[in-house]
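A.B. asks: Starting off with a structure, shown below.
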Amino acid sequence: MTTDSHSTHTASEDARNRDIKIYVNGDIVHRDDAKVSVYDSGFMLGDGMWEGMRLYNGTWAFFDEHMDRFFNSCKAVAIDVGMDKAGIAEAMRKTAQANDMTTDVHCRLMLTRGVKIKPFQHPGLSQSGSTLVIIMEHSKPAPALQSKGIRLATVPQVRGLPMTQDAKYNSHSKLNCVIACLQAEQAGADEALMLDPLGFVNTTNACNFFIVRRGEVWTSTGDYCMNGVTRQKVIDLCQANDIPVFEKNYSLYEAYGADEAFLTGTFGAQTPVAEIDGKAIGTGERPMTERIRALYKDLIDEEVSR
Ligand SMILES: Cc1ncc(COP(=O)(O)O)c(C=O)c1O
């Protein structure tokens with residue numbers, strides 16, 4: 001990354017992260033000692049699933065929704081989580097406690113098929129149970145994300161059809177998205193805007209994507225992108241607040257001409273998009289994005305006070 005570029009996951013520097021403790025299969029150890037085997041299926045093949053969650057005043061926002069997606073993904077690829085939702089909650093509680101963390105924390109929960117007996121692909125070679133790692137970092141999205149916004153470039157790499165690798169899998173292997181991100185960087189942008197197999201605007205390499213046109217909020221059909229928890233919350237909030245919202249096919253023609261555009265994800269909630277392919281989006285005024293951000297903040301406050 002160049003010094004003036006940033007990504008949707010750029011956080012303010014926090015020296016405390018140098019000494020965080022990480023959960024590795026039941027042990028909680030200093031980050032320098034947190035290790036998995038080179039035979040682990042996650043390292044060897046990207047064979048695992050993960051979730052990103054955010055802690056607000058002692059509450060993991062939308063924990064149930066994240067767990068629904070996580071357990072559904074693990075079931076679909078036959079990875080035994082080895083515990084239930086309450087077990088995951090307890091492992092996360094212990095990790096947060098060991099780090100004395102209560103708010104402004106981002107968690108990456110990772111589960112792989114586990115250590116293999118031979119360095120080959122067959123899932124049956126993982127015979128000693130899954131590997132669970134929980135990384136929690138002190139994390140506040142960098143303020144520049146809101147003030148400057150993100151620069152996107154449309155890239156050749158697409159998020160594909162469900163029968164190749166369904167975009168709904170939050171899989172360890174993010175190579176598809178990493179390739180897109182590299183292409184965007186080469187084009188001088190911060191992140192990639194990815195199309196679907198038919199050429200309609202789909203998603204970015206790490207977040208879901210929305211545009212605002214003439215008072216309406218549009219996002220892709222959802223067929224070829226991550227079933228983002230934040231994406232769904234934004235759609236629900238629009239519906240509950242009489243903001244016209246549509247999940248539909250649209251092309252770059254409409255994206256370039258949008259009044260506003262923003263990304264959604266657990267890390268940064270809603271992040272404004274400043275430009276796409278060098279074209280400025282709207283006038284830089286973002287009333288709808290700001291309204292949705294405020295509604296989302298209220299929703300988090302509600303969730304935390306329950
Ligand atoms: C490709 C991709 N899109 C979107 C998202 C955002 O999803 P969520 O809102 O559940 O954080 C993620 C986060 O994991 C992602 O990896």
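A.B. asks: Between Val105 and residues 5 or more places away or on another chain, which pairs have amide H atoms under 5 Å apart, with H built 1.01 Å from N, and which residues are they?
C.D. replies: Leu55, Ser139
A.B. asks: Given a cut-off of 23 Å, what percent of all Cα-Cα pairs of segment 144-305 lie beyond it?
C.D. replies: On the way: 4214 of 13041 pairs.
The calculated P(r) of segment 144-305 puts 32 percent of pairs beyond 23 Å.
A.B. asks: Next question. If the cut-off is 20 Å between C-alpha atoms, which aspartates and glutamates fall inside it for Lys174, apart from same-chain ones fewer than 8 positions away?
C.D. replies: Result set, ordered by chain and number: Asp40, Asp47, Glu51, Asp166, Glu185, Asp190, Glu191, Asp196, Asp223.
A.B. asks: Quick one: length gained pulling Asp68 to Asp33 fully straight, 0.36 nm per residue minus the C-alpha distance?
C.D. replies: 9.5 nm
A.B. asks: Could you work out the Kirkwood radius for the chain, taking every pair of different alpha carbons, averaging 1/r and inverting it, reported in Å?
C.D. replies: 20.2
A.B. asks: Work out from phi, with θ = phi - 60° and the Karplus expression 6.51 cos²θ - 1.76 cosθ + 1.60, the ³J(HN,Hα) of each residue of segment 195-209, listed in order in whole Hz, and give x for Gly and Pro.
C.D. replies: Per residue, the Karplus-derived 3J(HN,Hα) values read 8, 9, x, 9, x, 7, 5, 10, 6, 9, 6, 9, 9, 7, 10 Hz.
A.B. asks: With each pseudo-label sitting 7 Å past Cα toward Cβ, what's the Glu90-Val178 distance in nm, one decimal?
C.D. replies: Once both label points are built, they end up 3.5 nm from each other.
A.B. asks: Taking the Cα centre as origin and putting +1 on Lys and Arg beta-carbons and -1 on Asp and Glu beta-carbons, what dipole magnitude results for the chain, to the nearest 20 debye?
C.D. replies: Values: 32 positive and 40 negative charges, 104 e Å.
It comes to approximately 500 debye.
A.B. asks: Which of Thr59, Cys74, Ala142 sits closest to the plus end of the dipole of segment 46-176, meaning its Cα is farthest towards the positive end, when Lys and Arg get +1 and Asp and Glu get -1 on the C-beta?
C.D. replies: Ranked along the dipole, the leading option is Ala142.
A.B. asks: Say a paramagnetic label sat at a point 7 Å from the Cα of Asn249, along Cα to Cβ; which residues of segment 137-168 have their backbone N under 18 Å from it?
C.D. replies: 158-163
A.B. asks: Stretch Val304-Ala15 to full length: gain in nm at 0.36 nm per residue minus the Cα-Cα span?
C.D. replies: Stretched fully, the Val304-Ala15 segment lengthens by 101.4 nm.
A.B. asks: Calculated from DSSP H runs of 4 or more alone, at -39500 (n - 2.57) each and per residue, what is the 222 nm mean residue ellipticity of the chain, nearest 500?
C.D. replies: -8500 deg cm²/dmol
A.B. asks: Short version: ³J(HN,Hα) in whole Hz for each residue of segment 73-82, in order, from phi by Karplus 6.51 cos²θ - 1.76 cosθ + 1.60 (θ = phi - 60°), x for Gly and Pro, what are they?
C.D. replies: Ordered by residue, 3J(HN,Hα) equals 5, 5, 4, 4, 10, 6, 9, 7, 5, x Hz.
A.B. asks: Short version: ³J(HN,Hα) in whole Hz for each residue of segment 89-103, in order, from phi by Karplus 6.51 cos²θ - 1.76 cosθ + 1.60 (θ = phi - 60°), x for Gly and Pro, what are they?
C.D. replies: Those phi angles translate into 4, 5, 4, 6, 4, 5, 5, 5, 5, 4, 9, 6, 10, 10, 8 Hz.
A.B. asks: Would you list, by chain and number, the lysines whose Cα falls below 19 Å from the Cα of Lys148, excluding same-chain residues fewer than 8 positions away?
C.D. replies: Partners within reach: Lys140, Lys279.
A.B. asks: Let me ask something else. Modelled label-to-label distance, Gln121 and Lys140, 7 Å Cα→beta-carbon offset: nm?
C.D. replies: For the pair Gln121/Lys140, the computed spacing is 4.6 nm.
A.B. asks: A follow-up question, please. Amide H neighbours of Thr203 under 5 Å, at least 5 residues apart or on other chains, H built in the peptide plane: list them.
C.D. replies: Met194
Laboratory data are not the source of any read-out in this text; all were calculated from the coordinates shown. Small disclaimer: the values here were computed from a predicted structure and weren't measured. Glycine gets a Cβ as well: all are built from the backbone with ideal geometry, and neighbour counts include every protein chain shown.
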